[in-house]
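Q: I am attaching a structure below and will ask some questions about it afterwards.
Just so it is clear, none of the values below were taken in a lab; they were calculated from the coordinates. If you're wondering where the values come from, they're calculated on a predicted model, not measured in any experiment. Note: ideal-geometry Cβ built from the backbone for every residue, glycine included; neighbour counts use all protein chains shown.
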Amino acid sequence: MAVLHRALFTWFNLLIFLILLVLRLDQRIQWNWFIVFIPMWLYDHILLVYIVFNMISHCKNGRVVNLRREVWYMTAVFMKLSAQILICLKLEAPHWFLPAKVVLAPFWILLPALAVDVFVHLIHHYRY
């Protein structure tokens, strides 16, 4: 899939999610929060399938060096998925009394790790 198609699919998916989110927050719909997050989960699952196929192609071609990067991408997607599940649980079951720091812990771990990854990636490409 071309980069343009991936970008358009990402923006379209985000647009659908934001429309559902606004409708739910405006109380125009009374859907379950897990249903509102379906576009994000669909995107994450497609992303996981894409990462797995990349990992398989790297192993077939003997490029195991890039495999570590693919595992990092998969870990980041799983952390995002776990944060989404915790957010939905917090919103759907308020009687569980989940603290916000527990719900947002995967994001607070993921965001600095992504910032360091981007910084290292930029420095590495700038040097070579």
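Q: Could you name every one of the helices (runs of 4 or more DSSP H) located completely within segment 26-128 that has at least 1 residues being under 25 Å from Ala7 (Cα atoms)?
A: Those helices (runs of 4 or more DSSP H) span 33-36, 38-61, 67-92, 105-127.
Q: On to the next question. Could you check, for segment 60-73, whether at least one of its residues is free of Cβ contacts under 8 Å to residues at least 40 places away in the same chain, within 19 Å of Arg24 (Cβ to Cβ) and aliphatic (A, V, I, L, M)?
A: So far as segment 60-73 goes, no, none of its residues is free of Cβ contacts under 8 Å to residues at least 40 places away in the same chain, within 19 Å of Arg24 (Cβ to Cβ) and aliphatic (A, V, I, L, M).
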